1. Gain in length, A:GLU503 to A:THR252, computed as 0.36 nm per residue apart minus the alpha-carbon separation, to one decimal in nm?
2. What does the copy distance list look like for A:ALA151, label position 7 Å along Cα→Cβ, in nm and ordered from shortest?
3. Roughly how big is segment A:1-151's charge dipole about its Cα centre, with Cβ charges of +1 (Lys, Arg) and -1 (Asp, Glu), in debye to the nearest 20?
4. In nm, what is the difference between 0.36 nm times the number of residues separating B:GLU181 and B:ASP35 and their Cα-Cα distance?
5. Can you name the residue in chain A whose Cβ lies closest to the A-to-B rotation axis, and give that gap in whole Å?
6. Set the bar at 30 Å for Cα to Cα. Now go through B:LYS257/B:LYS558; B:LYS234/B:LYS369; A:LYS394/B:LYS301; B:LYS343/B:LYS451; A:LYS394/B:LYS394; A:LYS234/A:LYS301 and name every pair that lies beyond it.
7. Please list B:ASP80, B:ASP60 in order of solvent-accessible area, largest first, computed with a 1.4 Å probe with all protein chains present.
8. What is the antiparallel percent of DSSP beta bridges lying wholly in segment A:84-210, to the nearest 5?
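The values are calculated or read from the model by the stated rules, or taken from the named source; none is laboratory data. Model, not experiment: these values are computed from the prediction. Note that we place each Cβ from the backbone using ideal geometry, even for glycine, and neighbour counts take in every protein chain shown. We work out accessible area using only protein heavy atoms, side chains counted, and drop any ligands, DNA or RNA first. Shrake-Rupley method; radii C 1.70, N 1.55, O 1.52, S 1.80 Å.
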Protein chains: 2
Amino acid sequence: MTPYTAPVREHRFVLEELLEHEVLSLPGFEEVGADLVEAVLEEAARLTGDVWAPLNASGDRQGCVRRDDGGVNVPDGFADAYRAYAEGGWNGIGVEQVHGGQGLPEVVASAVQEMLHGANMALGLCPMLTAGAIEALIQHGDEVLCERYLAPLVEGRWTGTMNLTEPQAGSDLSLVRTRAEPSGEDGVYRLTGQKIFITWGEHDCAENIVHLVLARLPDAPEGNKGISLFLVPKFLVDDDGAPGERNDVVCTALEHKMGIHGSPTCVLSFGEREGAIGYLVGEPGRGLNHMFTMMNAARHKVGIQGIGVAERACQQALAYARERRQGRRNGAECAIAEHLDVKRMLLSMRARTDALRALALTCAAQMDKARHAEEEETRQRAQARVDVLIPVVKAFSTDQAVEIASLGIQVHGGMGYIEETGAAQLLRDARIAPIYEGTNGIQALDLAGRKLGRDGGAALASLVDDVEATAAALAAREDLLALGESLAGGAADLRAAMAVVLEGGRDPEQGTDAIQAFATPFLSLVGHVLCAWQMGRAALVAEAALLDGSTDPFYHAKLAAADHALRHWLPIGRAQRAVIEAGVDRLARYAPDGD
Amino acid sequence: MTPYTAPVREHRFVLEELLEHEVLSLPGFEEVGADLVEAVLEEAARLTGDVWAPLNASGDRQGCVRRDDGGVNVPDGFADAYRAYAEGGWNGIGVEQVHGGQGLPEVVASAVQEMLHGANMALGLCPMLTAGAIEALIQHGDEVLCERYLAPLVEGRWTGTMNLTEPQAGSDLSLVRTRAEPSGEDGVYRLTGQKIFITWGEHDCAENIVHLVLARLPDAPEGNKGISLFLVPKFLVDDDGAPGERNDVVCTALEHKMGIHGSPTCVLSFGEREGAIGYLVGEPGRGLNHMFTMMNAARHKVGIQGIGVAERACQQALAYARERRQGRRNGAECAIAEHLDVKRMLLSMRARTDALRALALTCAAQMDKARHAEEEETRQRAQARVDVLIPVVKAFSTDQAVEIASLGIQVHGGMGYIEETGAAQLLRDARIAPIYEGTNGIQALDLAGRKLGRDGGAALASLVDDVEATAAALAAREDLLALGESLAGGAADLRAAMAVVLEGGRDPEQGTDAIQAFATPFLSLVGHVLCAWQMGRAALVAEAALLDGSTDPFYHAKLAAADHALRHWLPIGRAQRAVIEAGVDRLARYAPDGD
């Protein structure tokens, strides 16, 4: 099996050359220099390549086992690999220093996350969920909760979970039934109920697990507004901060999944005995809102996860295609990487992965600006862009990751279907990403409905302005003219489609129907255009470097990837305009047995 | 888990209403009436629904096990289900009566095959491979071999395999190394070598296994022309036709695959002791040619297989979406099938599956004509169409089947990722189909290179004539005008792209490069346009039925599926024209580390 090598050069290209380390000049990052960022990336490459990646296949084969005592054994080596990560201080790199973290920019933390997921997605989920718990506490926890729980979570000594889903409450969380009764003690509740699909809900890799749980107070109204957020630790915490008595929350089963076998997906039962002790986080009845503030970050991370797996698929397919000799080219036996149809697949995988990464890190840079920029107006503008970009990064990156992993199998031919090769695992692992943290359909509705509706498309339109500027810059260079024309066409298609979606949303007859029917094609169009934009920018940088005398073959490869993204990939996305313009009538009336 | 129900109504629609049972008037089918066809479909629906389908999930979970004695245990129930199939006479339905079969048309046999694969793809592979062996014997076996082996194969008492691949010889079979030495006895050889990826290469479901094996004679030249075809039985056959002594061919390992766990994929070792006894089939040095005549049929069957799995995915997703309640519509709780984004997925799955089926059965009807039509010219024209359609049916159906199965998972949300639901198995099973019997890249090269090159695109152009006729018929009906315009646009795109591919192929500078680079986008364009054509024809039939006073909701649903296929699916395929027109230069020069 091909070893995983973290793509440091690719990350440096995006951070240094595309984003020009712009975020490092923001207030709060005074101590973060380009050298430090480079050192962090190199160190993360070592951890992920040497420690995490070698456990990816064995973790898949071995999977997780629930013991009769309710404990869960994760695959051999995972606990040590997690410990190496936590003890290396990696868990807190993106957390602000005031909360015990290293306060590195989100762009840097995101690059490291991609490496973790590329190396071992199943294990990467553990700190990903912990990050959600940290975020929830920082934003909504009171002083007492933060005092007690934040430090061990940031240090990675304890891990976190998000307990949302119940059998009857998935995409529609208003149906949550788990109950929280006041215990008599102020701020302390007893929870009863069942949660499913709880990632890393039980394991022995850390001293304690901090569950963040959606539940209803006794007098709560029906629906969304009756849901509150609670913190339920696996072990209750003594006054000296040490894990003590076992709380009344147990893992009653593990799910048998298509992939991410190394990640325990638990059914958790709260309050089978006397009620699980939990503490209110934030305001009563605001649980969903509190959860959603976390979820934006989590959705970005799932997009990043897809990119990590896509990167690994690229590396593995390329290594196989270079080694496997089959057929002839110009009369001589050759590696299959020489055949143009295989080369086309390799280039398509690479171009898309590069583009998705550049977009996700561009989004991360806006997250940094939204938090750290001096001017309120700058922060707001950045946040508006983040709001539009998050559903795109989540849905488009993960949909594409599935396709890229599947192409990776195809490059392997028959060997791709054999589990020992490792290519199949990447598809099985990646396939969850379009589903969790809000299905990609939900992301599309979020983009085409809520996000577009609330500012009339202003934030997206301002992004399209930037796309057009890049298109013009490309068109001004003779050898990039064709790329510029294609990108300008994409921008025009996007504006036209946006007008249809906004119009449909305003139509009293169609309203939500129109948005629902258009949402997924629209997100696909936005994703293609914004990714092509990034590759257009990459082409400008690469061409400038070559004109400047660089002989680095990296820039030639980048130009080829940009050419593919703009002229062979973008046209497929642009076709979504025609899909949207074809209208929604038939679909709305469709009934599988006759409309 | 949703039970599988063979889509008899859909098959009857294609056979009776789209193809108008045209093949039943061909010479040789005098005894086959519409009633008989209907009875066959109904009976096949019972076998597949009641006997085969219930073993699909358990077969996946249990998988196959190689025993220490080299024998292979297939999953519980498979042997009985196979016996029910063989004893029901199903194995010979498509084989001509003179060879002991029932001599039903290929269109009918194909419909039944789809049901078998939809019910249980892993088990369906066993008779699929046997059909290849039967075809090889009929076309190339001498009287002695046919006398001895054909009847038990046609009856299904014995099964067949195709032994092509070796570790170093996959897509490029010229690299085959297995050797066949004359034994001294006329026509009898001793084979030594190793074959991999041998589907149903060893099992206990039948009395004997007939391996068809590519190998080299001692004096054979290098490359393709040195390869001959041999028949190697698992048990040597006595003069009375009964299986006797065990031949020197053993299963040394089973592959651990992503899916089709119920189908034993074997490593077979020939001649570990004294050489496996084999008999020459056809002419020495013509093994690859003989194999390729079989392969056309096998490729069509793999396409059909994809459609079977896609159909099952449609059924399962729809059943789940109707049952699962989540969210609200018009203020009331509703099943997720009511949400337009889910409905879009369901309609997309259904429209594509219908379209693929119609195209595959249209191809089967041409196969019937090519064999049975009175006039030589009619037969030749039909065969020319078959030659063009086969790679499209194989590659496009299987690529789409993977996408459809993946969409099926998405409709299930989180439950789709849980193996117990069964949706994930469909994707894992389907994922092999774009790989075996010639990867889809090989199919694309076959279409864009060999098939287009040898008649300058004449056969494909004549198909496009038919597409345009359908587009004109649609455009003549006011309410189908938009469909007609879309289809006419698709036909124009296809003609333009064909010109580019033919031109590129003729260019002495680009030559093979151009064809290789364009092949896959071109096949995708052809597939989209021909599938849309079929749905255009379906729309005309459905509209006529409704105008004729039918109140069958089936026709309304068919119109919706046609609308989706022509206006929401075809545009994505049409975008491949732009991809092809963007040219091949960059790709040809691309090197992953710089070009």
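1. Here the segment from A:GLU503 to A:THR252 would lengthen by 85.5 nm.
2. Copy-to-copy label distances at A:ALA151, shortest first: 8.8 nm.
3. 720 debye
4. Going from the current span to full extension adds 47.3 nm.
5. For the rotation taking chain A to chain B, the closest Cβ gives A:ALA575, 2.
6. Cα-Cα > 30 Å for B:LYS257/B:LYS558; B:LYS234/B:LYS369; A:LYS394/B:LYS301; B:LYS343/B:LYS451; A:LYS394/B:LYS394; rest within.
7. Order by accessible area, largest first: B:ASP80, B:ASP60.
8. Restricted to segment A:84-210, the bridges split so that about 60 percent are antiparallel.
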